[in-house]
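Peer 1: The structure is given below, and queries will be raised subsequently.
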Amino acid sequence: MIKSMTGYGRSTSTSSTGDITVEVKSVNHRFCDTAIKLPSKLAFCETKIKKEIEKVITRGRVDMNINIESARSSTKNFNIDIPLAKAYIAAVKKLKTELSLEGEPVINEIMNLKDIIIPGEDAADHDTTMAELIEPVEAALNSLNKMRLDEGKNMTIDIKEHLSNIEGTVTKLSARQPEVINQYKAKLKDRIEKLADGVEVDEARLAQEVAILADRSDITEEIVRLKSHLKQFNALLKEGGVLGRKLDFLVQEMNREINTVGSKSNDSEISLSVVAVKADIEKIKEQVQNIE
């Protein structure tokens, strides 16, 4: 089963740290690119979270936001950065001397300086915190994965419809090729007879001209390769898994073959069929670019 690279997942849970909310979304990307936003005190969890993401996501840009609304009793102490406070005060005194200012730094002002007073670590140890955080992360990733799979199912249905259209058109192209040669032969013979004004037509020369055209406009090889690509495409869709790059390659090859068919033929019906196939290939390409 194929997966889209686009999706969204969300989960919530309550832990000793507080109420945890995890939101994750993914969009198209050539590789697996992750961005995790979480509280600084949980920075030690980032590597583990990234590994959890990579278990589920192979390709796509993944943005995960983790928010924790701390319980009131979860923080029991504060840390004071004494060296930083001393550095601030020294800087203030130097500024006072250099600019001949009056006044002294007061406690309220010092407390409001950045990073002087920092909430202490929660009572729970790192292992407990990690376990409590990974649970909602996994739930959010499962939700994301389900959406990606659901969208993948719809994409598969749409792609198969376009593949079926191409198969039907390719069959018409195969049947049309002999008719084009016969029509060309009849038109050429008629034109020669009119120009010859009653002189007998050289059938050998006529056959030679028709053979030259048949060789120049032969699309048999292109049709065979197109049918092979279509067969491989359907087989891969049935196989499932991480297929985006393989399918993208097949789309490029199919487009190359049908372009060659168009360049070889001067027949209006074949040209219309080529346009129809290219339109279906373009629709498939749009979907494939979003497949993991």
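Each reported figure results from applying straightforward, stated rules to the coordinates on display, with no laboratory input. Since the model is a prediction, treat every value here as computed from it, not as a measurement. Counting neighbours? That spans all protein chains shown, and the Cβs are built from the backbone with ideal geometry, glycine included.
Peer 1: Testing the spin-label approximation: label points 7 Å from Cα along Cα→Cβ at L95 and D63. State their distance in nm.
Peer 2: 3.6
Peer 1: Apply 1/(1 + (r/R0)^6) to the Cβ-Cβ distance of Q289 and A131, taking R0 = 45 Å, and write down the FRET efficiency to the nearest 0.05. Present the calculation step by step, with values, prior to reporting the outcome.
Peer 2: Values: r = 38 Å, r/R0 = 0.85.
For Q289 and A131, the calculated efficiency is 0.75.
Peer 1: V106 to A87: extension gain in nm, 0.36 nm per residue of separation minus the Cα-Cα distance?
Peer 2: Contour length minus Cα-Cα distance gives 5.4 nm.
Peer 1: What whole-number distance in Å separates the alpha-carbon centres of the stretch 235-285 and the stretch 89-156?
Peer 2: After rounding, the separation between the Cα centres reads 51 Å.
Peer 1: Next up: Quote the FRET efficiency, to the nearest 0.05, computed for L236 versus R30 with a Förster distance R0 of 22 Å and r equal to the Cβ-Cβ distance.
Peer 2: Working: r = 19 Å, r/R0 = 0.85.
Working from the Cβ atoms, E equals 0.70.
Peer 1: While we're on this one: Which of the peptides 125-136, 95-106, 15-26 is most tightly packed, and how do the rest follow, judged by the mean count of other Cβ atoms within 10 Å per residue? Each step should come with its number before you reach the end.
Peer 2: Working: 125-136: 15.3, 95-106: 9.1, 15-26: 20.2.
Highest to lowest by the protection proxy: 15-26, 125-136, 95-106.
Peer 1: When the chain is fully extended, how far beyond the present Cα-Cα distance does S271 get from N79, taking 0.36 nm per residue of separation?
Peer 2: Numbers: separation 192, 0.36 × 192 = 69.12 nm, distance 7.68 nm.
Taking 0.36 nm per residue and subtracting the Cα distance, the gain is 61.4 nm.
Peer 1: Once you order the gyration tensor axes a ≥ b ≥ c over the Cα atoms, which shape class does the stretch 78-118 get: rounded for a/c under 1.5, otherwise prolate or oblate by comparing a/b with b/c? Before the final figure, lay out each step's value.
Peer 2: Numbers: a/c = 3.53, a/b = 2.10, b/c = 1.68.
It is prolate, given that a/c is not under 1.5 and a/b is the larger ratio.
Peer 1: Let me ask something else. Where does each of 265-277, 44-56 land if you order them by average Cβ count within 10 Å, highest first? Write down the numbers at each step before the final one.
Peer 2: Details: 265-277: 16.8, 44-56: 15.2.
Top to bottom by mean Cβ count within 10 Å: 265-277, 44-56.
Peer 1: Now, a different point. With the cut-off at 21 Å, tell me which of the pairs K25/K278; K25/K51; K3/K285; K146/K231; K25/K153; K50/K246 have Cα atoms farther apart than that. It would help to have the intermediate numbers written out before the result.
Peer 2: Values: K25/K278 33 Å; K25/K51 16 Å; K3/K285 15 Å; K146/K231 28 Å; K25/K153 19 Å; K50/K246 26 Å.
From the list (K25/K278; K25/K51; K3/K285; K146/K231; K25/K153; K50/K246), the Cα-Cα distance tops 21 Å for K25/K278; K146/K231; K50/K246.
Peer 1: A follow-up question, please. Please compute the length gained on full extension between E138 and Q208, using 0.36 nm multiplied by the number of residues separating them and subtracting their Cα-Cα distance. All intermediate terms of the calculation are to be shown ahead of the outcome.
Peer 2: Details: separation 70, 0.36 × 70 = 25.20 nm, distance 7.13 nm.
So the chain would gain 18.1 nm between E138 and Q208.
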